[in-house]
Amino acid sequence: MSDKKRVSRRQFLNYTLTGVGGFMAAGMMAPMVRFAIDPVLKSQEGGDMHSVASIDEITNEPQRFEWTIEQVDAWYESEVQKTAWVYKDENGEVVALSPICTHLGCTVDWGSQEEHPNEFFCPCHGGRYTKDGVNVKGTPPTAPLPYYDHKVKDGMLYLGDTISRKGE
Amino acid sequence: MLQRIYDWVDERVDITPLWRDIADHEVPEHVNPAHHFSAFVYCFGGLTFFVTVIQILSGMFLTMYYVPDIENAWKSVYYLQREVAYGQIVRGMHHWGASLVIVMLFLHTLRVFFQGAYKKPRELNWVIGVLLFFVMLGLGFTGYLLPWDNKAYFATQVGLEIAAATPFIGDDIRTLLAGDPEIVGAQTLTRFFAIHVFFLPAALFGLMAFHFVLIRKQGISGPL
């Protein structure tokens, strides 16, 4: 071994002490870091479907339907109200849209603008969506309104989680 | 890479003397366990500091889940211990560390006492050490209430009665600590939480800094 590559006593001690110290620090920090990042790693279980409305109530015009779900927020349990805009399209298929604007999360309303009676409108920054929930070009939202996962059983409409749609 | 970042900063701010001053100091032979094994008694101060660092870190992480409220305190502790990954370990570190830090502090005190290391010119550092001991006991007392279970509640009840036994001003001290002359409840918990995580740690940091500055200034006391 050439002299150049020799590790001096001081260097050796530096390496071993840094190594052992680093190992101890990592052992100490690992559980705490895992503890802190737990919410990110917790697996999201799919929500249940909830009965929202009778299928007869649903028309070709979007209507607001509300229902409550049992929400478990760590140690706090509460009832939370959910809202959907629901209508039947030309083929008689049920469409349930989330009212949460994809721009910055305000709540959209149907036909509240006189100039655009057949559109969803967001009052915060003037975002607009067509009846099928697709965002109108030139308004702030960059993606369509999310769908609710839905099924029809025994003449009742059941809604589940929202499914977001990609913008162009 | 690291070396180059260090050099870049050092070239501009000249940080080498700063850490050299802290890191480069002689360890006399009589405090080095490699020379005399009995010198391990000199480790207790450093171990107290080490456990204190663990307490500070684990405490910081615990407050991510804990709420100091009588409705939710117990539930949040239950949740963080049962549902959050490594919750039992992080809470365990804080729980056992709290006892360990008192043990280490006591051993350190015994070493200084029996070696007579508190004598002139180190009397002031002894006084600061005793204040640190009181701050640690205060941290133990206030932290004990926070899980808000039966043991915590009744232990605090007893602790407050002891405080109330002080002549003349006892009842006022009790009210000041509990936040109410009668009830050990909502206000007691928030007070104890504030004292536990803000007031006493602030005092602890100040006193520890003073304690360490004096050690560096005066050096370790000589061999027996």
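Computed quantities for the displayed model
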quantity: Cα shape, segment A:8-136, gyration tensor, a/c 1.5 rule; calculated: prolate
quantity: The protein assembly as shown - Cys residues lacking any other Cys C-beta under 4.7 Å; calculated: B:43
quantity: Rg followed by Dmax, in Å, when segment A:121-168 is reduced to its Cα trace; calculated: 13.4, 42
quantity: Local electrostatic count at residue A:42 - Lys and Arg +1, Asp and Glu -1, tallied over other residues with Cβ under 13 Å; calculated: -3
quantity: Segment B:133-208 - Rg over Rh from alpha carbon coordinates, Kirkwood radius; calculated: 0.97
quantity: Chain B, relative contact order [Cα under 8 Å, separation at least 6], %; calculated: 19
quantity: Ellipticity estimate at 222 nm from DSSP helix runs (n ≥ 4, -39,500 (n - 2.57)) divided over chain A, nearest 500; calculated: -6500 deg cm²/dmol
quantity: Taking B:67, A:94 and counting other C-beta atoms within 10 Å, the order from fewest to most; calculated: A:94, B:67
quantity: Net dipole in debye of the protein assembly as shown [+1 Lys, Arg Cβ; -1 Asp, Glu Cβ; about Cα centre; nearest 20]; calculated: 2800
quantity: Nitroxide proxy distance, nm - points 7 Å out along Cα→Cβ at residue A:166 and residue A:106; calculated: 2.9
quantity: Contour excess over end-to-end distance, with Cα ends at residue B:169 and residue B:198 and 0.36 nm allotted per residue; calculated: 7.9 nm
quantity: 18 Å reach of a label modelled at residue A:16, 7 Å along Cα-to-Cβ, counting backbone N of segment B:14-32; calculated: B:27, B:32
quantity: Charge dipole (segment A:23-168, unit charges on Cβ, about Cα centre) - positive-most of A:99, A:28, A:50; calculated: A:28
quantity: Equivalent ellipsoid, the protein assembly as shown (semi-axes from 5 times Cα gyration tensor eigenvalues, Å); calculated: 60, 32, 19
quantity: Radius 12 Å from Cβ of residue B:148, net charge of other residues (Lys, Arg +1; Asp, Glu -1); calculated: -1
quantity: Projected area averaged over orientations for segment B:17-160, convex hull of C-alpha atoms, nm²; calculated: 12.2
quantity: Computed over chain A: relative contact order in percent, which uses C-alpha pairs under 8 Å that are six or more apart; calculated: 18
quantity: Helix-only CD estimate at 222 nm, as mean residue ellipticity for chain B, using -39500 (n - 2.57) per DSSP H run (n ≥ 4); calculated: -22500 deg cm²/dmol
quantity: Fewest-first ranking of B:75, A:131, A:42, using other Cβ atoms within 10 Å as the exposure measure; calculated: A:42, B:75, A:131
quantity: Rounded to 10°, Cα long-axis angle of helix B:73-82 versus longest principal axis of chain B; calculated: 60
quantity: Segment residue B:32-residue B:63, extension gain: residue separation times 0.36 nm, minus the distance between their alpha carbons; calculated: 7.3 nm
quantity: Ranked list, fewest to most other Cβ atoms within 10 Å of each Cβ, for A:78, B:58; calculated: A:78, B:58
quantity: Positive-pole candidate from B:141, B:85, B:63, dipole of segment B:37-153, charges at beta carbon; calculated: B:141
quantity: Environment charge of residue B:171, counting only residues whose C-beta is closer than 13 Å and scoring Lys/Arg +1, Asp/Glu -1; calculated: -3
quantity: Isotropically averaged projected area of segment A:62-127, using the convex hull of Cα atoms (one quarter of hull area), nm²; calculated: 5.9
quantity: Debye log10 I(q)/I(0) for segment B:168-208, one point scatterer per Cα, at q = 0.20, 0.25 Å⁻¹; calculated: -0.65, -0.79
quantity: Rounded Å value of the spacing that divides the Cα centres of segment B:153-195 and segment B:104-132; calculated: 31
quantity: FRET efficiency estimate (nearest 0.05) - Cβ-Cβ, residue A:125 to residue A:151, R0 35 angstrom; calculated: 0.55
quantity: Highest-MSF residue in chain B out of B:174, B:91, B:82 [GNM, Cα springs under 10 Å]; calculated: B:82
quantity: Separation of the residue A:68 and residue B:134 label points, Cα + 7 Å toward Cβ, nm; calculated: 5.4
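None of the figures in this text is laboratory data; all of them are computed from the coordinates on show. Since we're looking at a predicted model, the values are computed, not measured. In this analysis, Cβ positions are derived from the backbone assuming ideal geometry, glycine residues included, and neighbour counts consider all displayed protein chains.
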